[in-house]
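To start, the structure itself, in structure tokens.
The values are calculated or read from the model by the stated rules, or taken from the named source; none is laboratory data. In this text, all values refer to a predicted model and were calculated from it rather than measured experimentally. Glycine gets a Cβ as well: all are built from the backbone with ideal geometry, and neighbour counts include every protein chain shown.
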Amino acid sequence: MNWYAIHAIYRFEMARMGRTLMQSIASPVISTSLYFVVFGTAIGSRVGDIDGVSYGAFIIPGLLMLSLMTESISNASFGIFMPKYSGTIYEVLSAPISFMEIVLGYVGAAATKSLILAVIILLTARAFIPYHIEHPFWMLLFLLLTVVTFSLFGFVLGVWAQGFEKLQVVPMMIITPLTFLGGSFYSISMLPPFWQTVTLFNPVVYLVSGFRWSFYGVADVGVGVSVAMTAAFLLLCLAAVAWIFRTGYHLKN
């Protein structure tokens, strides 16, 4: 394993975060804080408890998951897209470094940025809404699975995209709607039976449900199912990355 090459890519990507703090950290923290103020404090004070949890605290895992997924995708996709766009990706591909080491550098940096963002958002949420974490180990596990999985997905998206506009299509048109419809602001048990069944086809439901369980011990679906679905998506993303480097899709041509 060429740890020097991995560290070089990782350090370069982390340095980019330092140059774009407003976009990478400040913007998502401010946006999420507005959700806490509007939904958690203003509206939450007029909404009853859900499964024994105050509404303001209930939405924290879903809002955090929304920020993590979108930022993980954005960080990883932009990180690999820019070298491809500028042509410097050929220098990486010609270096004595395997595709696994390239992925570790880019995805590791994107996942680290998202974890830093998660800590800041959790600390910020404490200023607005009291909450507790019943299962810290499982919370960390879901955090790691989510940021790594969606950083891999973002890496695939960055390779697939042939223009800056395509980088925004999937996060804005697919991920964000799925998150809002995945139980971030409500429990799917509040829906009519037919729509409960339809909602279970939304993969984000399992992420939000498992993450919320790690906070309050309540979930819409079984925790084991949530972990299994997340792991399945992680393996799918790994398979897609392996295929990209094996075929050179949008990298060598």
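Residue check: is Ser33 of a type in the set (S, T, N, Q), in contact (Cβ under 8 Å) with a residue 24 or more places away in the chain and within 30 Å of Phe185 (Cα to Cα)?
yes
Find all pairs meeting these conditions: Cβ atoms under 7 angstrom apart; at least six residues apart or on different chains; first residue within segment 228-245 and free of Cβ contacts under 8 Å to residues at least 60 places away in the same chain; second residue in a helix (DSSP H, G or I).
Partner pairs satisfying both residue conditions: Met229/Tyr206.
So, Thr179, is that one over 27 Å from Phe245 (Cα atoms), among the hydroxyl-bearing types (Ser, Thr, Tyr) and either at pLDDT 85 or above or surrounded by fewer than 15 Cβ atoms within 10 Å (Cβ to Cβ) (or both) or not?
Spelling it out, it is not the case that Thr179 is over 27 Å from Phe245 (Cα atoms), among the hydroxyl-bearing types (Ser, Thr, Tyr) and either at pLDDT 85 or above or surrounded by fewer than 15 Cβ atoms within 10 Å (Cβ to Cβ) (or both).
Look through segment 86-99, keep the residues that are part of a helix (DSSP H, G or I) and in contact (Cβ under 8 Å) with a residue 12 or more places away in the chain, and return whichever of them is nearest to Leu140 (Cα to Cα).
Only one residue tops the list, namely Phe99.
So, Gly48, is that one over 30 Å from Ile9 (Cβ atoms) and at pLDDT 80 or above or not?
no
Any idea which residue in segment 134-176 is farthest from Ser86 (Cα to Cα), counting only those that are crowded, with 22+ Cβ neighbours inside 10 Å and of a type outside the set (A, V, I, L, M, F, W, C)?
Here the answer is Thr146.
In this structure, is Ile73 out of contact with any Gly (no Cβ under 7 Å at 6 or more places or on another chain) and surrounded by 16 or more Cβ atoms within 10 Å (Cβ to Cβ)?
So Ile73 fails the test.
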